[in-house]
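The values are calculated or read from the model by the stated rules, or taken from the named source; none is laboratory data. These figures come from a predicted structure and were not determined experimentally. Note: ideal-geometry Cβ built from the backbone for every residue, glycine included; neighbour counts use all protein chains shown. Heads up: the accessible areas ignore ligands, DNA and RNA and are worked out on the full protein's heavy atoms, side chains in. Shrake-Rupley method; radii C 1.70, N 1.55, O 1.52, S 1.80 Å.
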Amino acid sequence: MKNDLHGILYTLRAEPELRDLVMHRNSASIPFGGRYRLIDFALSSMVNAGARDVGVIMERDYQSLLDHLSNGKDWGLSRRNGGLRLLPPFGLPEAHAGSFSGCMEALLSVKSYIEEIPHEDIVLSTGDYVGNVDLSAAAEQHRSSGAEITAVCVDQTASVPHHRYLPDGDGFSTRLCYSDGRMTDGLGCTEIYILKKHLLLSLMAYCGDGGFRHFHRDAMEHYLAEGGKVGIYIHEGYFRRIRTSQDYYKASMEMLRKDVMAQFFPEDRPIRTKDRAEVSTYYSDAAKVTNCLVADGCYVEGELKNCVLFRGVKIEKGAKLENCVILQDTVVQAGAQLKCVITDKDSVITPGCFLAGTERLPILVPKGSTV
């Protein structure tokens with residue numbers, strides 16, 4: 001059955017390379033694309049695949065995530081029974097160090113929740129990627145192949161350390177490798193899995209008994225060593241994990257491409273987010289806007305080129321912005337010039353200010369700053 005699927009999302013500690021973007025939030029709640037948060041992509045993919053029950057494992061800096069998700073109504077997950085469950089951190093008595101040492105430890109901390117899941121198949125996913133993954137097709141392949149576990153993979157090589165599966169030629173893999181970002185053999189693992197509940201509990205029992213805390217290094221290596229096989233589903237659309245500020249900036253700029261936008265928003269798989277009613281954006285006669293993504297509620301009098309503007313942004317007359325990402329309720333005052341800049345929420349760029357970064361190293365203005 002399509003809806004015999006239960007989602008579990010990791011929203012664990014953020015990578016330090018995300019810099020000031022995670023000063024007041026974890027990576028899953030980073031704003032993206034003018035109106036979304038990163039978690040919207042993973043959560044929407046689960047809902048589009050028929051999941052009506054999703055648990056979100058939290059770790060730290062999750063207040064903005066709580067505000068965004070609320071009761072799950074905007075994703076159709078506000079239900080009397082089941083629906084969205086926000087799972088607080090450190091459910092294990094011994095887990096008091098302040099952070100999880102691995103994803104398996106995070107799963108062990110919500111063991112009682114997992115044991116009560118009524119569904120046969122569970123989809124595990126991180127909440128820090130952008131892309132529209134067809135989990136319905138992945139689940140269909142998972143069930144028809146008879147696999148106990150299926151990994152969603154991409155035929156690309158990330159520039160950061162990641163895991164890769166080496167296919168055996170029959171739609172399965174028995175080999176998992178760790179790449180430092182240079183290995184091109186095999187398929188990149190997105191860290192999205194569909195697996196049987198009994199297998200997940202078995203892997204959790206093995207790791208719990210042995211004091212192991214990592215999903216790939218411990219659980220998956222053990223499973224493969226014992227003769228297990230991992231089904232491979234290849235996601236062919238856009239996919240990018242957001243682990244650094246450069247990843248965030250590059251993905252934001254790629255949103256301005258029509259081909260990428262088409263992959264993000266197919267008609268049959270919408271990306272849902274928290275509803276926030278706003279008036280339409282105002283453009284003055286002096287405004288000049290070229291190839292930009294501008295949300296509702298903005299006020300534009302200046303010049304924009306290749307920019308992403310979130311809700312409530314104000315660009316005053318004479319301001320010039322190029323290749324910038326301007327988060328919610330930021331004000332760029334008259335005569336300011338910005339190039340390759342990311343401003344977090346509620347920032348103020350004062351008159352005549354000049355900021356210029358590069359595509360490889362954009363300038364990042366922290367939340368609530370005045371520059």
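Mind jotting down a quarter of the surface of the convex hull over the alpha carbons of the stretch 1-130, in square nanometres, one decimal?
That works out to 8.1 nm².
Given the pairs LYS250/LYS320; LYS111/LYS197; LYS196/LYS274, which are separated by over 23 angstrom at their Cα positions?
Over 23 Å Cα-Cα: LYS196/LYS274.
Mind pulling the angle between the C-alpha long axis of helix 197-210 and the longest principal axis of the chain? Nearest 10 degrees, somewhere in 0 to 90.
80
For the chain, take the longest principal axis of its alpha carbons; what is the angle in degrees between that and the long axis of helix 245-254, to the nearest 10 within 0 to 90?
The two axes meet at around 70 degrees.
Using the beta-carbon distance between THR358 and ASP296 and R0 = 30 Å, what value does 1/(1 + (r/R0)^6) give for FRET efficiency, to the nearest 0.05?
Calculated transfer efficiency: 0.50.
What does the net charge come to around TYR165 if you take all other residues with beta carbon closer than 14 Å to its beta carbon, with K and R at +1 and D and E at -1?
My count for the surroundings of TYR165 gives -3.
Taking every pair of distinct Cα atoms and averaging 1/r, then inverting, what Kirkwood hydrodynamic radius in Å comes out for the chain?
One decimal place: 21.5 Å for the Kirkwood radius.
If only Cα atoms are counted, what is the Rg of the stretch 90-212, and what is its Dmax, in Å?
Looking at the stretch 90-212, its Cα Rg and Dmax stand at 15.6, 44 Å.
Suppose R0 equals 45 Å; then what is the FRET efficiency for LEU201 and TYR283 from their Cβ-Cβ distance, rounded to the nearest 0.05?
That pair, LEU201 with TYR283, gives E of 0.20.
In square angstrom, rounded to the nearest 10, how much accessible surface does THR184 have for a 1.4 Å probe?
100
Quick check: with the 1.4 Å probe, what order do GLU115, GLU278 take by accessible area, largest first?
The most accessible residue leads, giving GLU115, GLU278.
Of the peptides 291-299, 6-14, how do they stack up when ordered by the mean number of other Cβ atoms within 10 Å, highest first?
Output ranking for 291-299, 6-14: 6-14, 291-299.
Compute the length gained on full extension between ALA334 and LEU224: take 0.36 nm times their separation in residues and subtract their Cα-Cα distance, giving the result in nm to one decimal.
Length difference between fully extended and current span is 33.5 nm.
For the residue pair ASP4 and HIS214, what label-to-label distance in nm results when each label sits 7 Å from Cα along the Cα-to-beta-carbon direction?
Output for this residue pair reads 3.5 nm.
Set the Förster distance to 30 Å, then compute FRET efficiency between GLU140 and ASP67 from the Cβ-Cβ distance, nearest 0.05.
0.30
Would you calculate a helix-derived [θ] at 222 nm for the chain, using -39,500 (n - 2.57) for each DSSP H run of n ≥ 4 and dividing by the full residue count, to the nearest 500?
-5500 deg cm²/dmol
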